[in-house]
Amino acid sequence: MVTTLDISIEKTTKSRVGEYDVNDVPFGKCFSDHMFVAEYADGKWQQAYIKPYQDIPMSYAMSALHYGQAIFEGMKAYKNEKGEVSLFRPDANFRRLNKSAIRMAMPEVPEDIFMNGIFELLRLDSAWVPSSETGSLYIRPFLIATDEAIGVKASETYKFIIITCPAGKYYTEPIKVLVETNYIRAVKGGIGFVKAAGNYGRSLYPTKLAQQKGYQQVIWTDSETHQYVEESGTMNLMFVIGDTVVTPGLSDTILSGITRDSVLTLARDWGLRVEERKISIFEIIEAHEKGILKEAFGCGTAATIAQIVGIGYNGKDYPLPSVESRKFSPKVDETLRNIRKGREKDQHQWMVKVP
Ligand SMILES: *Cc1c(COP(=O)(O)O)cnc(C)c1O
């Protein structure tokens, strides 16, 4: 990409990478040496800079803290056998960040700031990218309102920040999920389709209640009838019923996951039937009773595939076929891993190498 973006770079004088085994660190708590920041003020994007990872100087009145004008993205960089670092579909994260920005009355982030901010960080911090089979560097771009003002209105100043952290071995235990029919994640006309901070805060209490009952996650249902399933935790939800891959169709209550799109694309490449439509919990229970509910799983950047091995609904548990018996989702998981590691043909040009 041609760029005129001028990033002022202050390198760390003492890398911390040697303090960790990046292939084996707990996720989300250890951050790479550098971070990227671009500031927005006076109606335009100002100087962009990279600095050693550090705290934000801010006012206690900073508007993001009070009214939640805050959005984020989540994406990963992978290291192949040759040591080259590539990103998985970063263009899709870029577009989605700006979809979130528009809905939250925030300025859109220019593509050269987003992409070159990530590229420059990855060049500086490539030693932080795990090379293990399931490892990656998790990238967290986020945009926050920074006005020092307590008044409910769109902020006039913002910071776009990118921090990264190694995700050494990512392994997800199969999960049991509870169909939630009281609390809701997203409403029609709301912000469920964007990655806005408030969506996640509101989900924690119902998730805690489900965990107290022995489930790991909830399945969110629609706000009007509580009958149609939407997502599982912070993942999109998929089923294999008979030989068809079925997932809730996109709407303003469903986050348009990049993993979701990748899974559906692979399914279509393989000639499977794919349906994106409303799915009622009664249809799932009926398929279970007929023995044709073969797979259920969540999908998202963090886990890629999280196998669902049991569904609780209305006081009853419905155990699902064993993970070993599943054909589609393990094949998707393996194919995506091979594409990311550069071992399989990247037909859809999903991987973007750091230049
Ligand atoms: C981020 C997210 C997903 C998954 O999106 P990916 O692009 O696949 O990571 C699904 N649901 C919600 C609510 C999310 O926030």
Within segment 248-283, take every residue that is surrounded by 14 or more Cβ atoms within 10 Å (Cβ to Cβ) and among the small types (Gly, Ala, Ser) and give me the one that is nearest to the ligand (Cβ to nearest atom).
Gly257
(1) touching a residue at least 12 places away in the same chain (Cβ under 8 Å); (2) on the phi < 0 side of the Ramachandran plot all hold for Gly151 apart from (1)
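Which of the residues belonging to segment 124-157 are among the aliphatic types (A, V, I, L, M) and either assigned to a loop (DSSP other than H, G, I, E, B) or outside the structural domain of Lys29 (by TED's automatic domain parsing) (or both)? Steps first, please.
To start, the set of residues in segment 124-157 that are among the aliphatic types (A, V, I, L, M) comprises 124, 127, 129, 137, 139, 143-145, 149-150, 152, 154.
Listed by number, the residues that qualify are Val129, Ala149, Ile150, Val152, Ala154.
Which residue is surrounded by the most Cβ atoms within 10 Å (Cβ to Cβ), if the candidates are limited to segment 42-59 and must be assigned to a strand (DSSP E or B) and aromatic (Phe, Trp, Tyr)? If you could, list the steps in order and put the result at the bottom.
Keep residues of segment 42-59 that are assigned to a strand (DSSP E or B), which gives 44-52.
Then keep just the ones that are aromatic (Phe, Trp, Tyr); that gives 45, 49.
Working: Trp45: 19, Tyr49: 16.
My answer is Trp45.
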Residues that are surrounded by 18 or more Cβ atoms within 10 Å (Cβ to Cβ), farther than 27 Å from Lys345 by Cβ and β-branched (Val, Ile, Thr): does segment 132-146 have at least one?
yes
Quick one: would you say Gly310 is more than 24 Å from Asp252 (Cβ to Cβ), part of a strand (DSSP E or B) and either modelled with pLDDT of 95 or more or not assigned by TED's automatic domain parsing to the domain that holds Gln211 (or both)?
yes
Exactly one of these conditions fails for Pro330: (1) within 16 Å of the ligand (Cβ to nearest atom); (2) outside any strand (DSSP E or B); (3) closer than 24 Å to Ser86 by Cα. Give me its number.
(1)
Test for Glu230: is it over 24 Å from Thr134 (Cα atoms) and within 15 Å of the ligand (Cβ to nearest atom):
yes
Candidate set: segment 294-313, residues that are closer than 22 Å to Gln227 by Cβ and of a type in the set (Val, Ile, Thr); chosen: the one nearest to the ligand (Cβ to nearest atom)
Ile308
Report the residue count in segment 233-247 for those that are among the aliphatic types (A, V, I, L, M) and more than 12 Å from the ligand (Cβ to nearest atom).
4
Per the filter on segment 191-206, residues surrounded by 17 or more Cβ atoms within 10 Å (Cβ to Cβ) and either away from the ligand (no atom under 12 Å from the Cβ) or at pLDDT below 95 (or both) are Pro206
Within segment 48-93, considering residues that are modelled with pLDDT of 95 or more and of a type in the set (D, E, K, R), the one nearest to the chain's Cα centre (by Cα)
Glu73
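Looking at Lys169, Lys176, Lys208, which one is basic (Lys, Arg), without any contact (Cβ under 8 Å) to a residue 60 or more places away in the chain and farther than 12 Å from Thr234 by Cβ?
Details: Lys169 fails: without any contact (Cβ under 8 Å) to a residue 60 or more places away in the chain; Lys176 fails: without any contact (Cβ under 8 Å) to a residue 60 or more places away in the chain.
Of the residues listed, the single one that is basic (Lys, Arg), without any contact (Cβ under 8 Å) to a residue 60 or more places away in the chain and farther than 12 Å from Thr234 by Cβ is Lys208.
The values are calculated or read from the model by the stated rules, or taken from the named source; none is laboratory data. Treat the numbers as computed from the prediction; the structure is a model and nothing was measured. For neighbour counting, all protein chains shown are included, and Cβ atoms are generated from backbone atoms with ideal geometry for every residue, glycine included.
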